[in-house]
Amino acid sequence: MTVKEYNNAVKEFGDHVYRFIYRSIKDSHRADDIVQDTYEKLWRCVTEIEYSAVRSWLFTSAYNRMIDVIRKDSRLVDVEYYDDSSLFADERSNDLNEVLHRALAMLPPVQRSVILLRDYEGYSYREIADIAGLTEAQVKTYIFRGRVSLRNYLEKISVWQ
Amino acid sequence: MAMRETDDSPRLTPLGDRLPLQEKLLRRPEDLSDEQFDLLAAAWVEDALDNNALEELDQIFTSSPSRKARAESFRNIRLIPCNDTWNGSKKALRHSAVNLTLRRSIIPVLAAAAVLVAFILAGPAAIRNTAGRLPVSLHEVAVMTELTVPAASPITMERRMAVSEVITDPDPDIGKADHQPVIAATETPRAVPIDLIQRAAGPGLIAELPARELAATRLNNIRNQAVQEDETNWIAKGIVFLAKAVTKDEKKVNGYSVANACVNGLNTVLGWDMELRKVSDAAGEPLSVNFNSSLLSFSAPVNKSSR
């Protein structure tokens with residue numbers, strides 16, 4: 001990959017990777033750091049990566065970095081103790097997408113990530129499996145279970161009866 | 001007793017151990033729990049079901065329309081990307097070697113040169129301004145006077161006077177229409193027709209100038225030779241000041257040392273190989289300056305006045 005292609009990768013995929021990480025961990029500073037680290041890592045091995053594979057590489061690398069960060073930070077990994085009181089703060093919101101994004105925060109990190117990759121980036125199950133280091137069956141299970149959880153949440157806050 | 005073939009063939013499980021009502025354990029699609037159905041519906045909206053599963057789901061939809069509506073609601077569980085933008089993308093961009101050279105070397109050099117030039121140019125101006133600044137000053141404003149001359153008059157006179165030729169009084173009444181400027185003694189007297197003298201009360205200002213725009217011009221505002229020399233010295237002083245700030249050593253700066261520093265700086269920044277050499281006589285007086293590079297070589301004699 002040339003310097004020009006690297007810069008194209010920054011301009012073209014930077015926002016996508018950031019959005020994926022930010023929506024996964026809900027922390028803009030950490031997301032910024034993770035994406036910066038990811039591009040720094042890409043730059044160090046820029047000559048070894050083909051431009052056609054850079055998008056998948058970026059998401060994989062950013063995902064792994066995010067998992068490392070989550071493991072280091074117990075506040076983010078303990079989803080069982082996640083304070084979801086804020087999720088019900090604005091139950092009257094009619095914006096379904098906004099409510100869904102709030103509900104996304106209560107899902108386990110892996111489910112959250114695979115749903116984001118599926119919905120935001122439109123990746124196939126196979127690609128998501130490669131990025132997240134899972135099997136295709138696991139990816140499907142996480143996505144289906146995640147969607148059921150989201151739907152149950154909407155039902156719970158009376159968006160849907 | 002011999003075993004008869006009409007009986008059951010030998011089995012691993014005896015006849016008495018078999019489940020008598022096995023069909024009771026069989027399930028129909030409609031027997032799926034809500035949780036199971038939701039998972040199936042989530043897979044359905046993702047188009048991830050095979051033909052057998054789709055067939056079963058059709059049976060459920062046929063038997064229970066409410067479940068079909070529930071399954072359809074999963075189509076709305078889709079996240080739409082928000083407008084989150086990454087602000088750090090500019091920091092992640094990399095530049096080519098040419099760009100880096102430009103950004104790190106040439107641009108700072110040009111900026112420093114611009115600062116130096118501004119420093120040199122602004123210095124004398126600042127000195128002049130601080131030497132005698134008036135609240136209001138009027139520079140190079142020409143006041144034109146016209147006389148109304150009858151058509152029969154053989155002489156048409158038009159007189160122009162510059163402010164520098166006019167001695168004005170900072171009296172606030174200066175703007176009044178009847179104020180008569182005093183012509184400097186250096187002006188050559190001119191002949192004026194008699195009838196013109198008789199008719200006209202005198203040359204008057206066409207437009208009345210506000211008094212606040214008029215002020216006496218001070219003599220020290222006029223640039224003289226001493227100021228110009230001081231300005232020349234100021235350039236040298238500025239260069240000496242900068243050289244001292246960089247090298248922490250006070251050196252005598254002349255034209256050759258400045259040019260030599262420029263050549264060395266360009267060699268360092270751009271990687272060129274230029275040479276500037278001074279040729280002096282036995283007494284140490286510079287005779288000429290030789291410049292050598294791959295593109296250009298010349299030798300310039302040094303004037304005695306510039307030594």
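In this structure, residue A:134 qualifies as touching a Phe, Trp or Tyr at 6+ places or on another chain (Cβ under 8 Å), farther than 17 Å from residue A:106 by Cβ and not polar (S, T, N, Q).
In the stretch A:21-31, of all residues being crowded, with 19+ Cβ neighbours inside 10 Å, facing chain B (nearest Cβ under 9 Å) and not aliphatic (A, V, I, L, M), the one that is nearest to residue A:61 (Cα to Cα) corresponds to A:22.
Based on what the data block shows, is residue A:134 assigned to a loop (DSSP other than H, G, I, E, B) and either within 11 Å of chain B (Cβ to nearest Cβ) or of a type outside the set (D, E, K, R) (or both)? When the stated conditions are applied, residue A:134 passes them. When residue A:45 is tested against (1) within 14 Å of chain B (Cβ to nearest Cβ); (2) surrounded by 12 or more Cβ atoms within 10 Å (Cβ to Cβ); (3) farther than 15 Å from residue A:20 by Cα; (4) modelled with pLDDT under 90, just one condition goes unmet, and that condition is (2). Of all residues in the stretch A:4-16, those that are at the interface with chain B (Cβ under 7 Å from one of its Cβ atoms) have Cβ atoms under 8 Å from Cβ atoms of residues that are among the polar types (S, T, N, Q) and not in a helix (DSSP H, G or I), 6 or more apart or on another chain, in A:15/B:85. When every residue of the stretch A:49-57 is checked against the conditions, at least one turns out to be in contact with an Asp or Glu (Cβ under 7 Å, 6 or more places away or on another chain) and not assigned by TED's automatic domain parsing to the domain that holds residue A:101.
Rundown of residues vs (1) surrounded by 12 or more Cβ atoms within 10 Å (Cβ to Cβ); (2) over 29 Å from residue A:146 (Cα atoms); (3) touching a helix residue (DSSP H, G or I) at 6+ places or on another chain (Cβ under 8 Å), yes/no style:
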| residue | (1), (2), (3) |
| --- | --- |
| B:13 | no, yes, no |
| B:23 | no, yes, no |
| B:59 | yes, no, yes |
| B:66 | no, no, no |
| B:107 | no, yes, no |
| B:110 | no, yes, no |
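Residue B:90 satisfies every condition listed in (1) at the interface with chain A (Cβ under 8 Å from one of its Cβ atoms); (2) closer than 30 Å to residue A:34 by Cβ except (1). Assess whether residue A:34 counts as being free of Cβ contacts under 8 Å to residues at least 60 places away in the same chain, away from chain B (no Cβ under 12 Å), crowded, with 16+ Cβ neighbours inside 10 Å and not charged (D, E, K, R). Criteria not met by residue A:34. None of B:71, B:53, B:42, B:48 is in a helix (DSSP H, G or I), modelled with pLDDT of 85 or more, in contact with a Lys or Arg (Cβ under 9 Å, 6 or more places away or on another chain) and closer than 26 Å to residue A:125 by Cα except B:42.
Under the condition of being in a helix (DSSP H, G or I) and either in the same structural domain as residue A:119 (by TED's automatic domain parsing) or closer than 19 Å to residue A:114 by Cα (or both), the residues counted in the stretch A:1-29 number 13. Can you pull out the residues in the stretch B:248-283 that are among the β-branched types (Val, Ile, Thr), touching a strand residue (DSSP E or B) at 6+ places or on another chain (Cβ under 6 Å) and in a helix (DSSP H, G or I)? Residue satisfying the conditions is B:263 alone. The number of residues in the stretch A:43-58 that are over 14 Å from residue A:127 (Cα atoms), among the β-branched types (Val, Ile, Thr) and either within 22 Å of the chain's Cα centre (by Cα) or not in a helix (DSSP H, G or I) (or both) comes to 1. Only one of the numbered conditions (1) at pLDDT 90 or above; (2) within 12 Å of chain B (Cβ to nearest Cβ); (3) closer than 24 Å to residue B:41 by Cβ is violated by residue A:159, and that is (1).
Listed here are the residues, each with its yes/no results for (1) closer than 21 Å to residue B:44 by Cα; (2) among the aromatic types (Phe, Trp, Tyr).
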site	(1), (2)
A:105	no, no
A:109	no, no
A:123	yes, yes
A:131	no, no
A:134	no, no
A:138	yes, no
A:141	yes, no
A:146	yes, no
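Restricted to the stretch B:279-296, and to residues there that are under 17 Å from residue B:263 (Cα atoms) and out of contact with any Lys or Arg (no Cβ under 6 Å at 6 or more places or on another chain), the residue that is surrounded by the fewest Cβ atoms within 10 Å (Cβ to Cβ) is B:295.
The values are calculated or read from the model by the stated rules, or taken from the named source; none is laboratory data. Nothing here was measured: the structure is a model prediction, and the numbers come from that model. In this analysis, Cβ positions are derived from the backbone assuming ideal geometry, glycine residues included, and neighbour counts consider all displayed protein chains.
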